[in-house]
1. So is Ala100 hydrophobic (A, V, I, L, M, F, W, C) and in contact with a strand residue (DSSP E or B) (Cβ under 6 Å, 6 or more places away or on another chain) or not?
2. Kindly provide the set of residues from region 12-39 that are within 20 Å of Pro78 (Cα to Cα), among the aliphatic types (A, V, I, L, M) and part of a helix (DSSP H, G or I), ordered by number.
3. Suppose we keep only residues that are more than 10 Å from the chain's Cα centre (by Cα) and of a type in the set (Ser, Thr, Tyr) within region 43-92. Which one would you say is farthest from Gln13 (Cα to Cα)?
4. Could you go through region 56-68 and let me know if any residue there is basic (Lys, Arg), surrounded by fewer than 19 Cβ atoms within 10 Å (Cβ to Cβ) and in contact with a Phe, Trp or Tyr (Cβ under 8 Å, 6 or more places away or on another chain).
5. Search region 22-41 for residues being free of Cβ contacts under 8 Å to residues at least 12 places away in the same chain and surrounded by 14 or more Cβ atoms within 10 Å (Cβ to Cβ), and hand back the single one that is nearest to the chain's Cα centre (by Cα).
6. Starting from region 99-112, keep only residues that are at pLDDT 95 or above, then list their pairs with residues that are among the acidic types (Asp, Glu) and not in a helix (DSSP H, G or I) whose Cβ atoms are within a distance under 7 Å, requiring at least 6 positions of separation or different chains.
Amino acid sequence: MKIDQRAPTPLYQQVAAELRRAIADGEARPGERMPLAKDLAAVLGVNRNTVLRALGELRDEGLLEFRRGRGITVAGTPERGALVEKVRDLVAFARHEGYATEELVAMIEAVS
């Protein structure tokens, strides 16, 4: 993994990008545990909080799953992450238009 301390891109985004690449390339497969944040930070030469922020971003994208007592595991692929992002956009749009979650689910079931 390569992190450029002098690049204009924030470090946490660089870390997240490297982890996305590792997942996309199959270096980290769904169901596998991620190394501890402190270990990743040491390997990458960044602060532990930088790694935690990157991991949180990947969790929000649907790529990682955090479980108390079990650590962080790979939940999916970049394609799944992209789908989760589109679903979030759809839910936000539906809420903006006044639809409840149940109504949105019913619409999705009706077209599938």
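The values are calculated or read from the model by the stated rules, or taken from the named source; none is laboratory data. Just so we're clear, the structure is a prediction, and the values are computed from it rather than from any experiment. Don't worry about glycine lacking a Cβ; one is built from the backbone with ideal geometry, like all the others, and counts go over all protein chains shown.
1. Numbers: hydrophobic (A, V, I, L, M, F, W, C): yes; in contact with a strand residue (DSSP E or B) (Cβ under 6 Å, 6 or more places away or on another chain): no.
No.
2. If we filter region 12-39 for residues that are within 20 Å of Pro78 (Cα to Cα), which is where we start, we get 12-35.
If we keep only those that are among the aliphatic types (A, V, I, L, M) as well, we get 15-17, 19, 22-24, 28, 34.
Result: Val15, Ala16, Ala17, Leu19, Ala22, Ile23, Ala24.
3. Per the stated criteria, the residue is Thr73.
4. yes
5. Residue satisfying both the conditions and the ranking: Pro35.
6. Once the first residue is at pLDDT 95 or above and sits in region 99-112, no partner that is among the acidic types (Asp, Glu) and not in a helix (DSSP H, G or I) comes close enough.
Residue-by-condition table, conditions (1) more than 28 Å from Asp89 (Cβ to Cβ); (2) of a type in the set (D, E, K, R):
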position: Glu27; (1), (2): yes, yes
position: Gly31; (1), (2): no, no
position: Leu44; (1), (2): yes, no
position: Leu63; (1), (2): no, no
